1. Answer yes or no as to whether Ser95 is closer than 21 Å to Ser241 by Cα, more than 19 Å from the chain's Cα centre (by Cα) and open to solvent by less than 40 Å² (accessible area, probe 1.4 Å).
2. Under the condition of being within 16 Å of ligand 2 (Cβ to nearest atom) and touching an Asp or Glu at 6+ places or on another chain (Cβ under 8 Å), which residue from segment 100-140 is nearest to Trp390 (Cα to Cα)?
3. If I ask for residues that are assigned to a loop (DSSP other than H, G, I, E, B) and either of a type in the set (Lys, Arg) or within 15 Å of the chain's Cα centre (by Cα) (or both), which ones from segment 289-303 would you list?
4. Can you tell me which of Gly215, Gly211 is more than 13 Å from ligand 1 (Cβ to nearest atom), over 14 Å from the mean Cα position of the chain (by Cα) and open to solvent by less than 10 Å² (accessible area, probe 1.4 Å)?
5. For Gln182, which of the numbered conditions (1) within 15 Å of ligand 2 (Cβ to nearest atom); (2) polar (S, T, N, Q); (3) modelled with pLDDT under 95 fails to hold?
6. Just one of (1) free of Cβ contacts under 8 Å to residues at least 40 places away in the same chain; (2) within 16 Å of ligand 2 (Cβ to nearest atom) trips up Pro266, so point out which.
7. Does Arg150 count as in a helix (DSSP H, G or I), open to solvent by 10 Å² or more (accessible area, probe 1.4 Å) and more than 16 Å from ligand 1 (Cβ to nearest atom)?
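The values are calculated or read from the model by the stated rules, or taken from the named source; none is laboratory data. All figures in this text were calculated on a predicted structure; none of them were measured in a lab. Counting neighbours? That spans all protein chains shown, and the Cβs are built from the backbone with ideal geometry, glycine included. Calculation scope for accessible area: heavy atoms of the full protein, side chains included, ligands and nucleic acids excluded. Shrake-Rupley method; radii C 1.70, N 1.55, O 1.52, S 1.80 Å.
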Amino acid sequence: MLPALIDLPVSAKSDFDPADMTAGAASGTPGAGPVQTLYAHLRVHPAGAGADAVAWLHGQLAQARALDDALPVDLADLEQWISAQTAQVGAQYRSYLGERKAGAPRRYFASRSHALHFLKAVGPTKLVDGAWLYGTLAHWGDARFLGLIRTYLEELGDGVPAKNHVALFQKLLDTHAINDWQGLDDSHFVQGAIQLALAHHADAFLPEIIGFNLGYEQLPLHLLICAYELNELGIDPMYFSLHVTIDNADCGHARKAAQAVQALLPQLGGRAAFVRRIRDGYRLNALGASTLSVIEDFDLEEELIAILRAKSRHGQNMHADYCRLAGRSINDWLARPEQIPAMLAAMAKGGWIARGQAAEQSRFWRLLQGTHATMFGVFSDYEQQVLRDWIEDAQVQPARLVSHRAQMRAIEQLGGVSARPATPRAIWRHALQASAGAASDLHLLEQHIAELPDKAAAMDTLRQLMAPQLHASPVGLMATRLFGRLLAL
Ligand SMILES: [Fe+2]
Ligand SMILES: [Fe+2]
């Protein structure tokens, strides 16, 4: 029998089925490319995408095989390799800080809208953070997998909403209203689709997962710089700061990744082929859009034009005929999207936009903001930021610095949430409080777990609720907490 984890009344047979949690079909996004479509299917109906996902992943591996990797020749040297890499990143970051102190501009984000665009464009990857390790949960009884499983649980914040990486990133996207995929091409979905495909085919791709994890969990320089510059721009850097500490090379995910290689290498035959596949998995990290390519690809004016083009589809019939610019009606300007650059130029020439000055000085801006804003609500916060930065000519935004120490304090406070000893009853109570709206789901889970015959059955049910598409929900978070408790027993 299960240990007395949950001692609430057991009802008659429950009809709880984890598969029900995936209700809501993958909504097809108009204009989505094949990778985005696969990504959407894997997020919502992973079982239905099985054969397609495996075939696609083989194709990605074939591409990855053609790339170089930075791993040591002998994987027995991994630990020293990680230490050397970390020392190098530390030195590069110190030199970056020195440059900034001496007055150098931000290295990554020219403006606040540039940073927000970055967050939006890496969203498809960050919203499946940790997914590649999901399939390892099935091996909870095998001590060799514990490092990878602990890493997955930590990606899920051990079931604490404020520490769940996916929930944290979702909150960031929601806060800035950048939670749509509009304008993102297929390359932005490659990393997320790889991670989801690995998640649901772990037994077929175990060496690749070990290698992918090894690459993903190393501390990169860009993580440190992103955290620093987001903070400067008044954007919560917590998601990035958290990874600086949790992926550390001393006892964090980077070290666990190296230990997993040693633990899972076959002892008898097939070692060379296994190592080759680990290297292929490591190289998968280099495919698709990356942090740096996303940052480099941003062009403020192009982004503004893309936003206005998208608006013109709905706006071309919404303006009265007396709304005119350079002798033509606004509806006429908007009727052909390719006219948008000329329309912007006409707005600047006609005094509607005063470039290089605070946005509030522009008549057009006052149509969006203020007491007589006839176009209030037409542009989202992000879109207004793009417009503002373009009008102001990407003037540096006033920095709202939070000290590094304050950031670290906030992370420590988060750590305190999980460090507090929790009784099973307290875990249960906390889960129930997590969302009143989800109370019936939580109740069903409670009934179902209590009825199961043993720990193996409970772990099997709980891990299904910890799938990438579920774990940030109230029920998924509770399942994560229970799984972690049972794992330790
Ligand atoms: Fe993470
Ligand atoms: Fe990590």
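1. So Ser95 fails the test.
2. Once the filter is applied, the top-ranked residue is Asp129.
3. Keep residues of segment 289-303 that are assigned to a loop (DSSP other than H, G, I, E, B), which gives 289-290, 298-299.
Result: Ala289, Ser290.
4. Only one candidate qualifies: Gly211.
5. Only one criterion in (1) within 15 Å of ligand 2 (Cβ to nearest atom); (2) polar (S, T, N, Q); (3) modelled with pLDDT under 95 is unmet by Gln182, namely (1).
6. (2)
7. Taking the combined requirement at face value, the residue does not satisfy it.
Yes/no per residue for (1) open to solvent by 70 Å² or more (accessible area, probe 1.4 Å); (2) at pLDDT below 95; (3) closer than 15 Å to Gly211 by Cβ:
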residue: Leu42; (1), (2), (3): no, no, no
residue: Pro46; (1), (2), (3): no, yes, no
residue: Ala51; (1), (2), (3): yes, yes, no
residue: Trp56; (1), (2), (3): no, no, no
residue: Gln60; (1), (2), (3): no, no, yes
residue: Glu79; (1), (2), (3): no, yes, no
